[in-house]
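> Quick one: the structure is below, questions incoming.
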Amino acid sequence: MPVAEESVKSSWADEVEEVEVTGGNSSTEFPHPIVKNDGNSKTITEVVLNEDDKKVKVISHYKIEKHRVAKSIAQRKTWKKFGLSENDKPGPNPATTIGAEEVQMQFLSSKDEDPSESDDLKKKLIDSQKGQVKCRLCKEDHWTKQCPYKDKLEPLRSSLMDDEKDEEPAAAAPQEKKTGIPGKYVPPSMREGGSKKGESMISNRRDETATVRVTNLSENTREQDLQELFRPFGEISRIFLAKDKFTMASKGFAFINYKRRDDAARAIQVINGFGYDHLILNVEWANLNI
Amino acid sequence: MKPILLQGHERSITQIKFNREGDLLFSSSKDPIPNVWWSINGERLGTFDGHTGAIWAIDVKWDTTVFASGSADQSLRLWDCETGKTISKLQMKASVRGISFSYSGNLIAYTTDKMMGQQSELNIIDVREPNNVDDTAIMKAQVTPTNQKALSVLWGPLDETVVTGHEDGAIIKWDIRTSKKTDVAIEHTKQINDMQLGHDGTMFITASKDSTARLWDLSTLEPLKIFKTDRPVNSAAISPLIDKHPYVVLGGGQEAMEVTTTAARVGKFDARFFHAVFEEEFARVKGHFGPINSLAFHPNGKGYASGGEDGFVRVHVFDDAYNQFRFDY
């Protein structure tokens with residue numbers, strides 16, 4: 001029994017050509033279907049009228065498969081078609097049998113099983129962000145671009161801007177100094193994330209497998225901000241924020257060492273692409289080789 | 001997988017069934033004409049013309065000689081599988097909701113709807129002579145009003161018992177010699193939409209509107225496993241290769257009347273594969289754009305077919321990904 005592999009209709013160009021040749025005259029004789037059979041496959045080329053009364057060349061490719069079956073099945077194969085299929089030719093009728101599109105069985109890994117959790121985290125994060133976003137115009141809890149008073153306040157503000165410009169850097173500088181300069185020396189063993197025992201050189205090597213790299217941070221990001229941002233995903237052993245030696249301003253990238261790799265993976269999944277301080281954060285594995 | 005799409009029905013599919021050897025696939029829908037297809041290439045062998053109402057249930061005898069259909073036109077017909085001609089027609093007083101050939105093929109159990117003053121009934125008739133069927137039931141049991149109406153029906157081992165699934169979620173086992181209830185199991189909380197036997201006839205699976213499917217021991221009516229989803233389950237089937245692939249497949253999705261209010265992605269019309277032992281879903285197959293109403297494993301276990309509210313039957317042959325899949329536990 002022939003098995004339908006696919007039934008290919010002629011291309012649009014072919015159809016047009018066909019119509020031109022025959023002049024759209026439906027009374028012309030249809031050529032007999034051409035059947036090519038080479039053992040493993042069969043190709044039938046025929047010309048039929050489609051719904052719009054246009055002649056269409058239909059090329060059907062069939063793959064011939066041979067199956068060894070039980071006698072009773074072979075017997076049933078010889079049954080004649082009946083009912084509405086009575087006049088169907090041997091082989092599947094394209095009107096009732098269609099080769100559907102390829103579908104993949106989607107295997108669920110344990111990872112995608114609870115997407116609700118990461119959704120929760122994202123929501124939590126957005127909630128925690130609420131206070132951080134501040135409109136430059138009305139000082140309310142939204143982005144400046146979305147400010148409802150934008151049209152009214154924007155021109156006002158730009159006129160004031162010139163006056164403020166001189167004051168701003170002066171005000172910002174002392175604040176940065178206060179927080180940026182490291183305090184008293186703390187031995188490594190006493191620092192946050194360090195174990196209380198002394199560490200040998202070897203064990204001091206950090207576990208790079210749970211480290212994420214954050215880039216595109218804004219200049220005035222502090223370690224504390226990163227702590228707030230990344231802590232919800234799990235315990236952090238170390239935060240390294242690259243800073244300029246003299247100005248103490250952030251260089252725009254940081255490394256976060258998580259204690260567990262799963263937490264790091266979740267942090268990447270959620271924070272990557274997150275808007276923070278007018279920039280879109282880029283979060284990825286620190287060591288892409290692992 | 002490259003499924004074959006069978007487009008022979010004008011309305012939503014109600015039941016699909018393979019014959020014992022799996023070379024033929026029978027399908028019925030809410031239009032009055034059941035179809036039969038060659039499962040290997042999706043070629044339509046024929047249609048069974050005669051009914052005047054929706055077909056609720058179908059079954060085929062083990063030797064693929066007689067095909068039975070129960071319809072909302074309040075009749076039950078027996079057909080010759082080879083010619084598609086009606087062998088006999090039994091007129092009822094209510095719609096036939098469930099129909100099942102016994103293992104021997106000598107008896108048919110069917111359930112009728114509760115409608116127009118008629119009570120829901122469970123009847124068993126002798127069909128050893130399909131041309132000359134005596135429509136006086138050899139067993140008759142009134143289901144309502146003591147229980148809710150019976151929708152689906154299955155045979156127990158040795159043709160001694162039948163099991164019915166009810167509108168309120170109850171599963172009842174009947175002894176056909178005494179016409180009495182022997183067991184009642186109430187685990188499901190809503191309507192039983194489908195019941196299917198496992199390949200060896202020791203277990204069966206029920207699909208319920210309460211969003212779960214359950215696996216049962218047929219002889220004791222003991223609930224063995226529960227498979228939970230978040231949408232009503234319309235059909236469930238047990239893999240015939242239960243030793244190698246101990247899986248069940250569930251089909252369902254949102255209720256048909258609510259479908260137009262949501263996107264297909266939200267409706268969850270996928271066929272869902274669960275591990276039968278661990279009760280955990282491990283794979284899904286998309287395809288239908290309405291809820292799946294009926295599912296059937298190919299008797300060789302290497303494929304399955306699904307019929308949906310969208311009126312299509314999709315015949316799938318599993319690919320290597322399924323055969324090589326090992327459940328991680």
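The numbers here are math on the coordinates, done by the rules we state, and not lab data. Everything numeric here is computed off the predicted structure, so don't read it as measured data. All Cβ positions, glycine included, derive from the backbone under ideal geometry; neighbour counts span all protein chains shown.
> Amide H neighbours of residue B:45 under 5 Å, counting only residues 5+ apart in sequence or on other chains, H built in-plane at 1.01 Å?
B:36, B:37, B:38
> Now for a separate question. Around residue B:141, with a cut-off of 13 angstrom between Cβ atoms, what is the net charge of the other residues, counting Lys and Arg +1 and Asp and Glu -1?
That works out to +4.
> Considering amide H positions built from the backbone, and no H for Pro or chain starts, which residues 5 or more places from residue B:280, or on another chain, come under 5 Å of its amide H?
B:275
> Once R0 is set to 60 Å, what does the formula 1/(1 + (r/R0)^6) return for the Cβ-Cβ distance between residue B:182 and residue A:277, expressed as a FRET efficiency to the nearest 0.05?
After rounding, the FRET efficiency stands at 0.25.
> Would you mind checking the pairs A:145/A:251; A:77/B:17; A:42/A:89; B:190/B:286; B:89/B:180 and listing those with alpha carbons more than 21 angstrom apart?
A:145/A:251; B:190/B:286; B:89/B:180
> Say R0 is 25 Å: what FRET efficiency, to the nearest 0.05, do residue B:327 and residue B:228 get from their beta-carbon distance?
For residue B:327 and residue B:228, the calculated efficiency is 0.90.
> Here's another thing I want to ask about it. What are the ³J(HN,Hα) values, in whole Hz, obtained from phi via the Karplus relation 6.51 cos²θ - 1.76 cosθ + 1.60 with θ = phi - 60°, for each residue of the stretch B:120-128 in sequence order, with x given for Gly and Pro?
5, 10, 10, 10, 10, 10, 8, 10, 5
> Loop-only trypsin sites (Lys or Arg not before Pro) in the stretch B:300-329, please: DSSP not H, G, I, E or B, and at most 13 other Cβ atoms within 10 Å.
Answer in residue order: B:326.
> Taking a ≥ b ≥ c as the square roots of the Cα gyration tensor eigenvalues, with a/c under 1.5 meaning rounded and otherwise prolate when a/b beats b/c, else oblate, which class fits the stretch B:174-329?
Cα axes put the stretch B:174-329 in the oblate bin.
> With a/c under 1.5 counting as rounded, go ahead and sort the stretch B:3-324 into rounded, prolate or oblate using the C-alpha gyration tensor (a ≥ b ≥ c being the square roots of the eigenvalues; past the cut-off, prolate if a/b is larger than b/c, else oblate).
Numbers: a/c = 1.41, a/b = 1.20, b/c = 1.18.
Verdict is rounded for the stretch B:3-324.
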